[in-house]
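A quick write-up on the structure given underneath.
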Amino acid sequence: MVLQFSLQCQIDSKKLLIEQKNEALAQMMVEVINSKCGDQPAHFTFSNGEVDVVKDQAHQLFTVKLTDGAVIHLEHSIKTKS
């Protein structure tokens, strides 16, 4: 019983680490895209996944599909010139 609980805790911990790694990877991919092309809609392919960029009135919406199967959605506000 104690061993089963310990194993479940280890599994949960590893799942959380993988989620955090995927989120950080997706964020880095988005930062690269923003530095290269600004707020234009586009599709990018990286060695570790793909990113689709869609723009609406006030946001850029990023769908990151990693090669491990994870799909992460990120949103950035578009800065307007005043």
(request) Could you check residue 50 against (1) assigned to a strand (DSSP E or B); (2) at pLDDT below 90 and say which number it fails? (result) (2)
(request) Give me a count of the residues in the range 30-45 that are in contact (Cβ under 8 Å) with a residue 24 or more places away in the chain and in contact with an Asp or Glu (Cβ under 9 Å, 6 or more places away or on another chain). (result) 0
(request) Run down 61, 25 and say which single residue is in a strand (DSSP E or B), among the aliphatic types (A, V, I, L, M) and open to solvent by less than 80 Å² (accessible area, probe 1.4 Å). (result) 61
(request) Take the residues in the range 42-53 that are of a type outside the set (S, T, N, Q) and surrounded by 12 or more Cβ atoms within 10 Å (Cβ to Cβ), then tell me which one is nearest to residue 77 (Cα to Cα). (result) 53
(request) Could you check residue 74 against (1) touching a residue at least 40 places away in the same chain (Cβ under 8 Å); (2) assigned to a strand (DSSP E or B); (3) open to solvent by 40 Å² or more (accessible area, probe 1.4 Å); (4) of a type outside the set (D, E, K, R) and say which number it fails? (result) (3)
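The values are calculated or read from the model by the stated rules, or taken from the named source; none is laboratory data. If you're wondering where the values come from, they're calculated on a predicted model, not measured in any experiment. For neighbour counting, all protein chains shown are included, and Cβ atoms are generated from backbone atoms with ideal geometry for every residue, glycine included. Heads up: the accessible areas ignore ligands, DNA and RNA and are worked out on the full protein's heavy atoms, side chains in. Shrake-Rupley method; radii C 1.70, N 1.55, O 1.52, S 1.80 Å.
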